Amino acid sequence: MPDIILALKTRKIDAGFTSDTIAEFLANRDSELALFPQNLGYTPLGFGFSKGDKRRDEWQAAFDKIPEETRKAIYRKWIGTDESVKQIPEQNWAGTNGIIRIATVDSFEPMSYVGKGGKLFGYDIEIVLLIAKELDVHVEFTPMDLSAELSALASGKVDMICGSIVITPERRKAMDFVEYHKAAYVLIVRSTEKTVAVASFWDGIKESIEKTFIQDERYKTFIEGIATTLIITVLAILLGTLLGFVVFWFCKDGNKFANTISGFFIWLIQGMPVVVLLMILYYIIFANVALSSTAIAVVAFSLVFGGGVFGMLKLGVGAIDKGQTEAALALGYSDVRLFFRIILPQAIPLIIPTYKAECVALLKVTAIVGYIAVQDLTKMGDIIRARTYEAFFPLIAVAVIYFILGGLFTFVIRIIETGINPRKRKKENILKEVLSDD
Amino acid sequence: MIEIKNLRKAYGSVVPLKDVSLKINDCDVISIIGPSGTGKSTLIRCINLLETPTSGQIIFNGVDITAKGADIKKARQKMGMVFQSFNLFGHLTVIENIMLAPMDILKMKKHEAYTKGMELLKQVGMADKALNYPDELSGGQKQRVAIARTLCMDPEVILLDEPTSALDPTMVSEVQSVIKDLSQSGKTMMIVTHEMNFARTISNRVLYMENGGVCEDGTPEQIFDNLKEEGTRKFIKRLKIFEAVIDSKDYNFTNFNENFYLYLLKNDVSTSDRYRAQLILEELVRELLLPRYDEPFIRIKTEYSLQEKDFYLCLTYKGEQFDIMKSDNALSLSIINGIASKIEYSFNGNDAEPNCVKVWLNQDSGKHNL
C-alpha cells in the first residue's frame, strides 16, 4: 500500500485501486490525496480460520453481539486523523479460555499496523480484542506479511489471521471466515485543488526526519530492528562457524561416509535461495515445533554460513603444504594437536579475508527474514515506510545502518585477525618473557 | 637398535619396496644410495611410519612399532627426520620452530627450550636469524634450522631424506658440513643422498638400493672401491650405455652414426671426446672388421662414465680369430693407437661371438690434437 501512495505522489501512477477504508483514512490525513467518488464494488473482509475450526462459530457469534453503533464509532476513530484517540485496550481480562495465536498484517494502516512502541494498532486489532474479551481468551499477535499469514495459517503456526483480509471464493475453499466488515473498492487519486503550500526544502527534510525517527519514538523501532538483525547475524556466525568446523573435522581425513553426507547437505543448502530455505524451515520442518521465528532464522543462516565455513576451511587447510603435517608427525605430534598447533594457525590467515566478506554478506542477506515474520532492520524500515508513506529517509537510514554494521563487523574481525595471525605479531613481543630475563 | 624385517610397501600395483630386511646398529651412520625411484625415500619414511608399510615389521629398541596399538608418537619422538623440502613451520620464527615441539611434547619449560634452541642454532650457525621467519631464509639456512629443530628433541636416530637435493649447488656444502659434524657426534643416522663423495666421507656403512631392494650393504670402501654388483658399478660410475649390432655388409651407417652422435650429445660428452669416440669406432668397424668378413656379426657396446668422463668400448664379433692389432691396415691402426689409452684382445671359442676387443679412452687431456 505505501508503495501505491508513493507512486501516486511521485506521479508514477495517476490512480490507486484500494479499499475505501484505506482510501478514506489517507484522504483524511493527506490533503494531497482524494477519493475518486465511484464505488467499484463491495467485498467482505474477514478473520480467517482453518477450514472446520469450531472457534469460528464462537467468534462469529461474539462478533454479532457487538452493537452496530460501537462498530461504526471504532471504524470512524481509526480512519480519522486524531491520533490521540487511537488506543488499543489492554488484555486485562482473565483469559480463562486459553490463548489464541493470531497473525496479522504489520503495515496496513488503519486496519492493522505496527505503531508506537512496536505495538499493534488498528480497526481489526480493536475488533479482535473486543471479541476476545467477550470469549475470555488472550490473544497472541504475530505481525507479518499478508503472504506469510496465509502460509502460517496453513502450516498451523497460528490459529487465526486478520488484517483486512479480503474474502475471495478461492480463500473460502481453504478457510472459514468471520465476516466483520464490508469494504468498497475505490480509486485514490491526487486531489485537483492542491491546497498544501510547498514547504521549503529544509522544512521538508526536517519534517521527514521528524516523521521517520522522532514521531511515535520511531527511532526505537529502528533500534529494535538493529538488535534483531545483530542477534540473528552474530548467532548465525558463531553457530555456523562451529557447525562448519565440526563438519570439516569429520570430513578432513577423507572419511567417505562423512564426506558423502556433508556433501549432500551442502549441495542441498547451497542449491536453493536462502529465502526458500528459510521458508521451508519455517513452514514445513519446524511448522509444529515451538521455536520462535527468530530462532528459525538463526538455524537457517547458521546452516548457510556453516556451509560457507566448511568450504573455506577445506580450501584454506588444503592449501597448507603436506610437508607441514609430515614434519609435525615426525616430531611426535598427534593428528589433533598438530592440526591446532601447526595447520590451523597457517590456514586461518588464508581464510580470514573470505570469512570477513562472508560475515558482511550474511548481515545483508538476513534482510529476508521479514518473510517469516521476523522484524529485523529491513522489516522495521518497511513498517515505518508504511506509516509515513515516505521512501527516502527510511530506506536511506536502513542502508546507512547496514553500512555501519558491516563496517563494525569488518573492524571486529580485523582485531581478531591481528590477535590470531602469528605473522602479525610485533617482533618485540615474540618470546618477550624469555628474552626479558636474559 | 632398529631391526627391519621383510618390509614391503605397495601402492596398488606399484611396489616401491619389496621385502627389505635390515639391522641398524647404535652409532651407525648409514648412507642409502641408488638410482631414482628405487624406494630409498620410501624405506626411510617407513622407518618412522610416515608411510605405513604394507607388510613386515620394524622393531625399534625392542618394540615392534608396526604392531597394532603401538605407541607410534613415542617412537617418532626418538626418531628425528630432516626432509628434502625442509618443512619449517611457516607461521613461526626460527627459534619458535625449534622450541615448539620440545615444549608441546616433551613439556620442556620455555626458558629451557629457548636456551637449548639457541645453543643448537649456534651449532648450525643460525643464531643471528633466530627471530626471522622461514621464508626470509635461503634454502641452506632453512635446512640447517630444520636440522636444529630435529636435534632439539634429542632423537636417538636421525633420518635424513635427501637433505641437500632441493638446494642450490652453492648451498649444498654448508648443509653437508653441518651433517658431517653431526655424523661425528655418535648419533645413529640414516641418510638418503645422491652425493657419492659426501656419502663416502660421512658414513661407516652404505646401502645400495635398486628395484625396491637393498642390493649391497657394506662399508664405503667395499661399495665404492670394489664394485661387486653390475648395478652398483653402473650407478656409482654413472655409466651411460650404447649398444648396437652390425650384421651385414650393407649396414646403414648413416643411421648408426646418427644414433651414436645423439647418445654422445645427450650425455654431454665434450666435442673432442665425441670426435675421438666416433673416429675410433669408424676405424675399428669400417676399416678393420668389415673388410675382413663376408658375413659380419659385430656387437658394439660403449660405456661412458659421467663420473670419470671416460669411455670404454667393447666389440665382440663372430668369425675366425682375428686380432685387430695384427691387421695390415697400418694407417687405421696408428689412428686407433693414437686415440686409445689401452687396447685388449681376447679369443674365447666357447662364446657365440668368440672375438673380443676392449678399448679404453681416457678423458682428452689435450695431448691429442686431432
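The values are calculated or read from the model by the stated rules, or taken from the named source; none is laboratory data. Just so we're clear, the structure is a prediction, and the values are computed from it rather than from any experiment. Cβ: placed from backbone, ideal geometry, glycine included. Neighbour counts: every protein chain shown.
Just to be sure I understand, how many residues within segment B:54-81 are touching a residue at least 40 places away in the same chain (Cβ under 8 Å) and within 9 Å of chain A (Cβ to nearest Cβ)? Spell out how you get there, then give the answer.
Initially, segment B:54-81 is screened for residues touching a residue at least 40 places away in the same chain (Cβ under 8 Å), giving B:54-61, B:77-81.
After this cut, where a residue has to be within 9 Å of chain A (Cβ to nearest Cβ) as well, the list is B:77-81.
The total comes to 5.
Pick from segment A:359-414 the residues that are of a type in the set (Ser, Thr, Tyr) and buried (at least 17 other Cβ atoms within 10 Å of the Cβ): which of them is modelled with the lowest pLDDT?
Step one: list which residues in segment A:359-414 are of a type in the set (Ser, Thr, Tyr), which gives A:366, A:371, A:378, A:388-389, A:402, A:410.
Right, trim to buried (at least 17 other Cβ atoms within 10 Å of the Cβ) and you get A:366, A:371, A:378, A:388-389, A:402.
Working: A:Thr366: 94, A:Tyr371: 86, A:Thr378: 91, A:Thr388: 81, A:Tyr389: 77, A:Tyr402: 95.
Checking each candidate, the answer is A:Tyr389.
I'm trying to understand the selection: among the residues of segment B:126-175, which are within 12 Å of chain A (Cβ to nearest Cβ), among the polar types (S, T, N, Q) and touching a helix residue (DSSP H, G or I) at 6+ places or on another chain (Cβ under 7 Å)?
B:Asn132
With A:Ala62, A:Ala73, A:Ala7 as the choices, which residue is within 19 Å of A:Leu135 (Cα to Cα) and out of contact with any strand residue (DSSP E or B) (no Cβ under 6 Å at 6 or more places or on another chain)?
Details: A:Ala73 fails: within 19 Å of A:Leu135 (Cα to Cα); A:Ala7 fails: within 19 Å of A:Leu135 (Cα to Cα).
Being within 19 Å of A:Leu135 (Cα to Cα) and out of contact with any strand residue (DSSP E or B) (no Cβ under 6 Å at 6 or more places or on another chain) holds for just one of A:Ala62, A:Ala73, A:Ala7, which is A:Ala62.
So which residues in segment A:336-364 are facing chain B (nearest Cβ under 10 Å) and under 26 Å from B:Ile158 (Cβ atoms)?
A:Arg337, A:Leu338, A:Arg341, A:Ile342, A:Ile343, A:Gln346
Are there helices (runs of 4 or more DSSP H) fully within segment A:226-321 with at least 1 residues that are over 28 Å from the mean Cα position of the chain (by Cα), surrounded by fewer than 15 Cβ atoms within 10 Å (Cβ to Cβ) and touching a residue at least 12 places away in the same chain (Cβ under 8 Å)? List them.
A:293-318
Testing A:Val400 on (1) out of contact with any helix residue (DSSP H, G or I) (no Cβ under 9 Å at 6 or more places or on another chain); (2) within 14 Å of another protein chain (Cβ to nearest Cβ), one condition comes back false. Which one is that?
Tallying (1) out of contact with any helix residue (DSSP H, G or I) (no Cβ under 9 Å at 6 or more places or on another chain); (2) within 14 Å of another protein chain (Cβ to nearest Cβ), A:Val400 fails exactly one: (2).
Please verify whether segment B:226-239 includes one or more residues that are touching a Leu at 6+ places or on another chain (Cβ under 7 Å) and buried (at least 16 other Cβ atoms within 10 Å of the Cβ).
Taking every residue of segment B:226-239 in turn, at least one turns out to be touching a Leu at 6+ places or on another chain (Cβ under 7 Å) and buried (at least 16 other Cβ atoms within 10 Å of the Cβ).
Consider segment A:138-184. How many of its residues are part of a loop (DSSP other than H, G, I, E, B) and crowded, with 22+ Cβ neighbours inside 10 Å? If you could, list the steps in order and put the result at the bottom.
From segment A:138-184, those part of a loop (DSSP other than H, G, I, E, B) are A:145, A:155-159, A:167-168; that's our starting set.
Keeping just the survivors that are crowded, with 22+ Cβ neighbours inside 10 Å gives A:157-158.
Going through segment A:138-184 one residue at a time, the tally reaches 2.
Here are some conditions: (1) hydrophobic (A, V, I, L, M, F, W, C); (2) out of contact with any Pro (no Cβ under 9 Å at 6 or more places or on another chain); (3) without any contact (Cβ under 8 Å) to a residue 60 or more places away in the chain; (4) part of a helix (DSSP H, G or I). A:Ile131 meets all but one. Which one does it not meet?
Failed condition: (3).
Scan segment A:418-434 residue by residue and report those that are aliphatic (A, V, I, L, M) and within 10 Å of chain B (Cβ to nearest Cβ).
The first filter runs over segment A:418-434 and keeps only residues aliphatic (A, V, I, L, M), leaving A:420, A:430-431, A:434.
A:Ile430, A:Leu431, A:Val434 - these are the residues of segment A:418-434 that are aliphatic (A, V, I, L, M) and within 10 Å of chain B (Cβ to nearest Cβ).
Considering only residues that are more than 7 Å from every other protein chain (Cβ to nearest Cβ) and in a loop (DSSP other than H, G, I, E, B), look in segment B:86-104 and name the one that is surrounded by the fewest Cβ atoms within 10 Å (Cβ to Cβ).
The qualifying residue surrounded by the fewest Cβ atoms within 10 Å (Cβ to Cβ) is B:Phe86.
Select the helices (runs of 4 or more DSSP H) contained entirely in segment A:1-81, then report the ones holding at least 1 residues which are among the β-branched types (Val, Ile, Thr) and farther than 23 Å from A:Ile99 by Cα.
Correct list: A:2-9, A:20-29, A:68-79.
Counting only residues that are within 12 Å of chain A (Cβ to nearest Cβ), among the aliphatic types (A, V, I, L, M) and assigned to a helix (DSSP H, G or I), which one in segment B:105-125 is nearest to A:Val336 (Cα to Cα)?
Selected residue: B:Ala113.
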